[in-house]
Amino acid sequence: MLQDFSTWFLNNIKDPKMAEDHGSCTIITNKSHWQAKLDDAQSRQKIVVVDFNASWCGPCRLMGPIFVELSKKYENNFIFLKVDVDEVLEVTNDWEIRAMPTFLFIKDGKEIDKIVGANKDELQKKAQFYASNQSGLPQS
């Protein structure tokens, strides 16, 4: 029974990378692309919000559309990036990502906040907080 559900779930939940609408998210393809985006964010004094995900990860598939909606809502506040942990291993390892999905908030090349797991409410709460607090001071 569980295997039947797992098979159905994997076959019927759309992979966010394959979705036509990526909102304001940039799909990172390699380390130099990643670094260019971090450099751009720093020069524009923007906070980067990153979704580290995997195509085979059910919770990632559930959070993908939520992340895209946040990228539309806050496109003027943040730079949104998506990183497939299996495709961009060097970045994944550099940032010590161990579980998916993991969401990082990065300011000036440094992690200022992190969410591990499919926690929609926490992601929305932190996005709202940092949208109104671009200094990047961590939320207490």
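Bear in mind that the values in this text are calculations on the coordinates, not laboratory data. As the structure is a prediction and not an experimental result, all values here were calculated from the model. Cβ sites come from the backbone with ideal geometry, for glycine too, and all protein chains shown count toward neighbours.
Some values worked out for this structure:
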read-out: Computed lengthening from ASN133 to HIS33, 0.36 nm per intervening residue step minus Cα-Cα distance; value: 33.3 nm
read-out: Förster radius 25 Å - calculated FRET efficiency between GLU75 and ASP121 (Cβ-Cβ, nearest 0.05); value: 0.75
read-out: Within region 34-76, backbone nitrogen closer than 14 Å to the virtual label 7 Å beyond the Cα of ASP86 toward Cβ; value: 53-61
read-out: Kirkwood hydrodynamic radius (C-alpha pairs) into Stokes-Einstein, region 18-140, 10 °C and 1.306 mPa s, D in µm²/s; value: 112
read-out: Phi to ³J(HN,Hα) by Karplus 6.51 cos²θ - 1.76 cosθ + 1.60 over region 28-36, Hz, x for Gly, Pro; value: 7, 10, 6, 5, 5, 4, 4, 5, 4
read-out: For region 61-75, Karplus couplings with θ = phi - 60° (6.51, -1.76, 1.60), whole Hz, Gly/Pro x; value: 5, 6, 7, x, x, 5, 4, 4, 5, 4, 5, 6, 5, 10, 4
read-out: Net +/- balance of residues flanking ASP108 in space, Cβ distance below 12 Å, scoring K and R +1, D and E -1; value: +2
